[in-house]
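The values are calculated or read from the model by the stated rules, or taken from the named source; none is laboratory data. The shown structure was predicted, so the numbers you read here are calculated from the model rather than taken from an experiment. All Cβ positions, glycine included, derive from the backbone under ideal geometry; neighbour counts span all protein chains shown.
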């Protein structure tokens, strides 16, 4: 069922971008485009790497992955949903958010697309995580649900169902790349199977 939905999204995306492709074929200026594939990772300073690993794995479902041994500082790498989170032990308290409890949706934050907002809200309640819920209604009547909360170090996280919102470029500077266009890194599944034996 999910594959069928993804195929339908791709078809809609391709149909919506026929005008963009036509503009490119007619000599559209590509000087503004960068040779990027996708967001690779977000780096987060933390007071306690182990507490942050627990938060990002239990609350958001990230998976710890190996990090290069050449990195000679305390930290951890996590990955899921096509993006990584790199945790770095901070030795400077002043580099972390000063008010970890303050929830302001306009603060800097990372945002994750969610397929079941009610389930995510239930999970936050069960885990006693303070959050702020907002619903944004567009001029077209589209509702975007948002949940804002903080990680253990006070960095804001947003969970939303923003797929309801149509992407409309404000100028003709280039074609929007969607996650289906991105490079997928190789995953070593044998390592987990070897550990189970």
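Answer with yes or no whether residue 87 is more than 30 Å from residue 164 (Cα to Cα), in contact with a helix residue (DSSP H, G or I) (Cβ under 6 Å, 6 or more places away or on another chain) and in contact (Cβ under 8 Å) with a residue 40 or more places away in the chain.
Yes; evaluated as a whole, the condition is true for this residue.
Examine segment 24-39 for a residue that is out of contact with any helix residue (DSSP H, G or I) (no Cβ under 9 Å at 6 or more places or on another chain), farther than 15 Å from residue 152 by Cα, in a helix (DSSP H, G or I) and modelled with pLDDT under 90, and state whether such a residue exists.
The answer is yes, given that some residue of segment 24-39 is out of contact with any helix residue (DSSP H, G or I) (no Cβ under 9 Å at 6 or more places or on another chain), farther than 15 Å from residue 152 by Cα, in a helix (DSSP H, G or I) and modelled with pLDDT under 90.
Residue 99 fails exactly one of the following numbered conditions: (1) touching a residue at least 24 places away in the same chain (Cβ under 8 Å); (2) over 30 Å from residue 188 (Cα atoms); (3) surrounded by 13 or more Cβ atoms within 10 Å (Cβ to Cβ). What is the number of that condition?
Failing condition for residue 99: (3).
Quick check: is even one residue across segment 117-127 exposed (fewer than 11 other Cβ atoms within 10 Å of the Cβ), assigned to a helix (DSSP H, G or I) and in contact with a strand residue (DSSP E or B) (Cβ under 6 Å, 6 or more places away or on another chain)?
No, that holds for no residue.
Out of 78, 87, 60, report the one residue that is assigned to a loop (DSSP other than H, G, I, E, B) and in contact with a strand residue (DSSP E or B) (Cβ under 8 Å, 6 or more places away or on another chain).
60
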